[in-house]
Amino acid sequence: MSEQCPQKYKLQYIDKVETEIEESIEAYLGIRVHETLEKLYRDLGYQKVNTLDELLEFFHSEWKKNWDDSIVIVKEEYGPENYLKMAEKYVTDYYNRYRPFNQGKTIALEERILIDLDDAGEYKLQGYIDRVMETEEGYYEVHDYKTNSRLPLPEYLETDRQLALYAIGIKERYPGVKDVKLVWHFLAFDKEVDSTRSDEELKALKKDVIALIEKIESDEKFEANPSTLCDWCEFKPICRQWSHLYMIKEKPENEYLADSGLKLVDRYAELKAKEKQVTLDIYAELEKIEEALIAFAGKENIDMVFGSKHKIRIKESERYSFPSKNSSDRKQLVQILKDLGKWDEVVQLDTSALNKIIQEKQWDKRSLDVLEQYVTLEKSRRLYLSKIKNSS
Ligand code: SF4
């Protein structure tokens, strides 16, 4: 989560800010589907095979029992009934695909798992696994039900950390286990995706996660990273990125329009729009005049044209253009310059790259300390104007 939004991480885990959490419909749907599939497998352990109707009856009664009108539906064009039908379909498709559920032996359901990342026990994580299954061949499978309405790309799953970390936890808890397969059920697509990780990959993952934890712990700014995910963030009303919106929304209409911040933004946007139009008009006219001046100078066979207080000199020049930045020709050119021993004469220090390296602490501390002797931190503020979603 820290990678997604460091500020959210700080509010949740460091400041431990309590919020009146508004549950999203997506989270509600996820919980209801998970508990229905949990019931299916739990009952199987007691030799009770639910029919689809029985399972859907359970699902409907839990949906109704737990429903609360404060559940947030961000996508305003859909109502609770759409989400209910979606969830019903997820359960039905799953049921029909895996009936009679004899793909293996369920070892654990909604299991809390602890993951030791280092031998010293300094770095530990915990998680909850939807279902652990043992196959006839003695392999273990970590099953995870996903109710997202987007199917991730295969390369995302190849690098997904969550299930791979669970595999580490399973190997630690059941030392005799042959191997662990990771299985994602993308319920919205009635699709199962499997993957495995070698011991080397799991070892590398532990190292990466420790490095990530250290990076998070050394973060001093915890900057906000606003994105579409903010709509599902429980800290949105108190987050500095959004709190003004909540402030003005709560005001009556006459006070709302008198808010100083609102007035400033509206005026700023108005002037920026005018600036854009004026700039476009000026550029268009300048271009026409430049063309006319060149034509005039050519016709009169002169290089300088005089006005009442100004003069314009028309100078012809030549400039070479080079292959674009990421093209293969550019790579070849760089290599040739290096081979010719001329690279040092044309290479320049990339200060934007250095800026990013320092900001994101990409290098080790020693190198960063050396660098910092040559840099000064200049603070500035920039304004980014954009449209509010759903406003015309
Ligand atoms: S609302 Fe957005 S920017 Fe603010 S803490 Fe939550 S995720 Fe981060």
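The set of residues in the range 295-313 that are small (G, A, S) and assigned to a helix (DSSP H, G or I) comprises A295, A297, G298. Among residues of the range 3-16 that are closer than 10 Å to C233 by Cβ, those with a Cβ under 8 angstrom from a residue that is part of a helix (DSSP H, G or I) and among the β-branched types (V, I, T), sequence gap 6+ or separate chain, pair up as L11/I238.
The helices (runs of 4 or more DSSP H) located wholly in the range 1-75 that include 2 or more residues which are within 16 Å of the ligand (Cβ to nearest atom) occupy 6-9, 25-45.
Contact map, the range 225-246: residues that are over 15 Å from K389 (Cα atoms) paired with residues that are more than 8 Å from the ligand (Cβ to nearest atom) and β-branched (V, I, T), Cβ distance under 8 Å, separation 6+ or inter-chain. Pairs shown: E234/T19; E234/I21; F235/V17; F235/T19; P237/T19; I238/V17; I238/T19.
Name the residues in the range 118-159 that are modelled with pLDDT of 85 or more and hydrophobic (A, V, I, L, M, F, W, C), would you? L125, I129, V132, M133, V142 - these are the residues of the range 118-159 that are modelled with pLDDT of 85 or more and hydrophobic (A, V, I, L, M, F, W, C). Tell me yes or no: at least one residue of the range 256-264 is surrounded by 11 or more Cβ atoms within 10 Å (Cβ to Cβ), within 16 Å of the ligand (Cβ to nearest atom), farther than 30 Å from E172 by Cα and not polar (S, T, N, Q). No, the range 256-264 contains no residue that is surrounded by 11 or more Cβ atoms within 10 Å (Cβ to Cβ), within 16 Å of the ligand (Cβ to nearest atom), farther than 30 Å from E172 by Cα and not polar (S, T, N, Q).
Checked against (1) more than 9 Å from the ligand (Cβ to nearest atom); (2) more than 21 Å from G261 (Cβ to Cβ); (3) exposed (fewer than 12 other Cβ atoms within 10 Å of the Cβ), E201 meets all criteria but (3).
Taking the conditions (1) in a strand (DSSP E or B); (2) surrounded by fewer than 15 Cβ atoms within 10 Å (Cβ to Cβ); (3) over 28 Å from the mean Cα position of the chain (by Cα) in turn, I107 satisfies each one other than (2). Please indicate, with yes or no, whether at least one residue in the range 165-174 is in a helix (DSSP H, G or I), small (G, A, S), within 20 Å of I113 (Cβ to Cβ) and without any contact (Cβ under 8 Å) to a residue 60 or more places away in the chain. Scanning the range 165-174 turns up at least one residue that is in a helix (DSSP H, G or I), small (G, A, S), within 20 Å of I113 (Cβ to Cβ) and without any contact (Cβ under 8 Å) to a residue 60 or more places away in the chain. Of A269, A258, all but one fail to be under 29 Å from K387 (Cβ atoms) and free of Cβ contacts under 8 Å to residues at least 40 places away in the same chain; the exception is A258.
The condition (being outside the structural domain of Q359 (by TED's automatic domain parsing), modelled with pLDDT under 90 and within 16 Å of the ligand (Cβ to nearest atom)) is satisfied by just one residue among L212, L229: L229.
Give me a count of the residues in the range 34-55 that are loosely packed, with under 15 Cβ neighbours inside 10 Å and either among the β-branched types (V, I, T) or without any contact (Cβ under 8 Å) to a residue 24 or more places away in the chain (or both). Of the residues in the range 34-55, 7 are loosely packed, with under 15 Cβ neighbours inside 10 Å and either among the β-branched types (V, I, T) or without any contact (Cβ under 8 Å) to a residue 24 or more places away in the chain (or both). For the range 43-63, does any single residue satisfy the condition of being in contact with a strand residue (DSSP E or B) (Cβ under 8 Å, 6 or more places away or on another chain) and not assigned by TED's automatic domain parsing to the domain that holds K178? Scanning the range 43-63 turns up at least one residue that is in contact with a strand residue (DSSP E or B) (Cβ under 8 Å, 6 or more places away or on another chain) and not assigned by TED's automatic domain parsing to the domain that holds K178.
Could you identify the single residue in I107, I115, I14 that is of a type outside the set (D, E), modelled with pLDDT of 90 or more and over 24 Å from A188 (Cβ atoms)? Selected residue: I107, the only one of I107, I115, I14 that is of a type outside the set (D, E), modelled with pLDDT of 90 or more and over 24 Å from A188 (Cβ atoms).
A residue that is assigned to a loop (DSSP other than H, G, I, E, B), among the hydrophobic types (A, V, I, L, M, F, W, C) and within 29 Å of E22 (Cα to Cα) cannot be found anywhere in the range 128-147. For K325, the conditions (1) outside any loop (DSSP other than H, G, I, E, B); (2) under 30 Å from Y384 (Cβ atoms); (3) out of contact with any helix residue (DSSP H, G or I) (no Cβ under 9 Å at 6 or more places or on another chain) all hold with the exception of (1). One residue stands out among those in the range 232-255 that are within 30 Å of I25 (Cα to Cα) and of a type in the set (S, T, N, Q): the one that is nearest to the ligand (Cβ to nearest atom), which is Q241.
The values are calculated or read from the model by the stated rules, or taken from the named source; none is laboratory data. Given the structure is predicted, the values throughout are model-derived calculations rather than measurements. Heads up, the Cβs are rebuilt from the backbone with ideal geometry, glycines too, and the neighbour counts pull from every protein chain shown.
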